[in-house]
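The values are calculated or read from the model by the stated rules, or taken from the named source; none is laboratory data. Computed from a predicted structure; not experimentally measured. Quick reminder, even Gly has a Cβ in these numbers, built from the backbone with ideal geometry, and neighbours come from all protein chains shown. Quick note on the areas: whole protein, heavy atoms, side chains included, nothing else; ligands and nucleic acids left out. Shrake-Rupley method; radii C 1.70, N 1.55, O 1.52, S 1.80 Å.
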Amino acid sequence: MAKVAAMGGDYKKVKLTLQEYFEKLGKDKERWGKPFSALMGAFHAQKELGIAAIGGKDSMSGTFEDLDVPPTLVAFAVALDKASDIISPELKIEENHRVKNTGNPGSRVYLLRSKIYDDELTIDFDSFKAVLSRVKDLVDKGMVDSAYAVREGGAAAGICKMCFGNKVGLRLNDKLTEEELFFPYYGSLLLQVKDQLKPEEEFEGLDYIYFAEVENAKGKEDSEKLNHSYLRYKEEEILLDELINTWEKPLENVFPTKAISEDNHVEDILSDSKAKVYLGTKIAKPKVFIPVFPGTNCEYDSIKAFEKEGAEVSSLVLRNLTSEDLKTSIKKMADEINGSQILMLPGGFSAADEPEGSGKFIAAVFRNPELKEAVMNLIKNRDGLILGICNGFQALIKLGLVPYGEIRDITEDMPTLTYNSIGRHVSSVVNTKVVSKLSPWFNEISLGDIHSIPISHGEGRFTAPKEELERLIKNGQIATQYVDNHGRAALHMPYNPNGSICAVEGITSPDGRVLGKMGHSERGLNNLLKNIPGNMDQKIFKAGVNYFK
């Protein structure tokens, strides 16, 4: 409930669902009593808060021989609210939840506490409801920039995590006691508030503590400490980077967050290649065809992105339960391609990334003679466009459509996409720079523009022989590169999420009309990723539609 409030939600709108794990019960009264008392406690909380639980997750009994799961009750809370009112926990330093890596002196953090009975950590529900209601009111007024629900580790652990997101330093209130720092005040919230908030008025009747103040993101005069952020308390100061490393270290060997690229050479590319101009008949409402394969999961966002720009979009699910289904689907897909100006292959995990790697299932389907003829006719004779994102990019490169502009047999010396250097799936937001305007997909933006793009893939590392890479650079076929916060091409995480050589994120066919890229440009929708800075609209869907209009 406190987590919902920390996001700007209204506790009165919450619905719960519960899941319990328990030991094999047998005839042991105490074992039977654990899930029963936990559920009665949950029922008591629902009555006190005036909220309901809908359904319930399947319960699970976890005993193997003499090993038992720890008896556990998990509560899930869901609520609807206005997207414009939703906030996030990391410390902010600008309006509208847009962030930079420097502090905003004067911004204060308060701990708003719910009353707790110390012996059992039981919350006083009247106090708790008053806190949640006040927080919701302040969020709706635009007075709260970030909030965090206190749990184990107390407010000290919470304030560290609030600092981590943007590496914003804090000066803690020197008067804070050890209990105020580390006691697990469940049901309490840390709030970063606007400078104009008057706590004696807005927090009237509630238990609150002035907890910290945001500092400039600079250390002392020592040049080695300049431009670093600290957490300071009395005479102590801890570098945030040290805190983050300590926090990440226990699981780094189990679930690594960093990987080093095998390639040590990278160059910033800016090509003077010009985008191709449409030579055919203008169309008021260009048609886009999006085929959907088993495992595809980005078709809805892709359809929405094209429709937003005025295109007519059709999609077709490949049916392959029988050979007759497959023949019918291929015939319909060929007809759709022949009647469209744009073919778009969306992201996902086609056929669970089998056989032997992502995109191969889609590539195998498009090698069907009927589909191959329709695709080649689209780009060779009808001046059409093709776009492949993530799984779609993987299929395009395994077909040869990028970088060669035609479907051809694959050989070992061709560029390809392979497993991320970290050895697992990655999901984050990265910066990419447009380094070539060869492709009409980038007609609506400028050379050198940088965008913040969501990525989500396990096989996104671009590799190519040296001679082939040099040819692509010379021809302007490298469209986008992964870059760091200064706009420089990057080899290593977190800026280059997969270890691609030359920081390659997207490439094109020789004429630029076929574009393959790893980043999910279709996900740059309003009110998504509100706590991430940067421009997320690459305008590639607008450019694709306007190419024909």
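Summary table
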| quantity | calculated |
| --- | --- |
| Residues of segment 279-430: accessible area per residue with a 1.4 Å probe, Å² | 44 Å² |
| Lysine pairs with alpha-carbon atoms under 18 Å apart, segment 398-535, spacing 8 or more or separate chains | 6 |
| For PHE164, solvent-accessible area (1.4 Å; no DNA, RNA or ligand), Å² | 30 Å² |
| Cα extents of segment 272-324 along the three principal axes, largest first (Å) | 46, 26, 23 |
| Neighbour net charge for TYR495 - beta-carbon separation under 10 angstrom, K R +1, D E -1 | 0 |
| Rounded accessible area of ARG31 (nearest 10 Å², 1.4 Å probe) | 60 Å² |
| Using a Förster distance of 30 Å, the FRET efficiency for GLU152-ASN527 (Cβ separation, nearest 0.05) | 0.45 |
| Calculated Rg and Dmax of the chain using C-alpha coordinates, Å | 27.3, 81 |
| ASP126 versus LYS466: modelled label distance in nm, points set 7 Å from Cα along the beta carbon direction | 7.8 nm |
| Carbon plus sulfur fraction of accessible area for the chain, probe 1.4 Å, in percent | 52 percent |
| Heavy atoms of TRP32 accessible to a 1.4 Å probe, total area in Å² rounded to 10 | 140 Å² |
| MRE, 222 nm, helices only [DSSP H, n ≥ 4, -39500 (n - 2.57), over the chain, to nearest 500] | -8000 deg cm²/dmol |
| Residue order for ARG461, ARG513, ARG151 - accessible surface, 1.4 angstrom probe, largest first | ARG151, ARG461, ARG513 |
| Descending principal axes extents, segment 338-379, alpha-carbon based, whole Å | 30, 20, 12 |
| Under 12 Å from the Cα of LYS549 - aspartates and glutamates, other chains or at least 8 residues apart | GLU309 |
| Those GluC sites (Glu not before Pro) in segment 301-406 that DSSP places in a loop and that have at most 12 other beta carbons within 10 Å | GLU356 |
| Out-of-range pairs (alpha-carbon distance over 20 Å; input LYS287/LYS332; LYS276/LYS539; LYS276/LYS308) | LYS276/LYS308 |
| Sum of side-chain charges, ASP28 neighbourhood, beta-carbon under 15 Å (Lys, Arg +1; Asp, Glu -1) | +1 |
| Sparse-neighbour loop sites [trypsin sites (Lys or Arg not before Pro); segment 272-334; at most 10 other C-beta within 10 Å; DSSP] | LYS282 |
